[in-house]
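Below is one structure, written out as structure tokens, with a few remarks after it.
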Amino acid sequence: MAVLLAYGVSNVVKALVGEPRPCQVLHLPTVSPCDYATDFSLPSNHATVAAAAAVAILLTHRALGSTAIAITLLVGVSRVYLGAHYPHDILVGFLIAARD
């Protein structure tokens, strides 16, 4: 339930803010193709969903949750590396997940 709620909040924020992706603004080569201009950057849905799932797992099983947190951090780094998000997009996604 927490993952669905966080994803919903993330989509609402994304629609309200409407921040273009870095690959659209900076015009730099990226590892993966740039998403559509209507697919905004802030916040990262990947980071939000991963963090919400990791927190839920952490609350039920400390060892698995610690592993899930580590994987979530890698998800965040990978989204920036791919050129799909700015670092603050990832942080806002994490904050949305932690709040929900």
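Taking every residue in segment 5-27 that is free of Cβ contacts under 8 Å to residues at least 12 places away in the same chain and pairing it with any residue that is β-branched (Val, Ile, Thr), at least 6 positions away or on another chain, yields no pair with a Cβ-Cβ distance below 7 Å.
Exactly one residue among 74, 59, 42 is of a type outside the set (Asp, Glu) and touching a Lys or Arg at 6+ places or on another chain (Cβ under 7 Å), and that residue is 42.
Within segment 17-24, can one find any residue that is at pLDDT 90 or above, among the charged types (D, E, K, R) and surrounded by fewer than 20 Cβ atoms within 10 Å (Cβ to Cβ)? Yes, that holds for at least one residue. If only residues of segment 60-88 that are touching a Gly at 6+ places or on another chain (Cβ under 9 Å) and open to solvent by less than 40 Å² (accessible area, probe 1.4 Å) are counted, the one that is nearest to residue 3 (Cα to Cα) is 76. Identify, please: which residue in segment 36-75 is under 10 Å from the mean Cα position of the chain (by Cα) and not in a helix (DSSP H, G or I) and is, among those, farthest from residue 98 (Cα to Cα)? The extreme case among them is 41.
The values are calculated or read from the model by the stated rules, or taken from the named source; none is laboratory data. From a predicted model like this one, the values you see are computed outputs, not experimental measurements. Don't worry about glycine lacking a Cβ; one is built from the backbone with ideal geometry, like all the others, and counts go over all protein chains shown. For accessibility, only protein heavy atoms count, side chains too; no ligands or nucleic acids. Shrake-Rupley method; radii C 1.70, N 1.55, O 1.52, S 1.80 Å.
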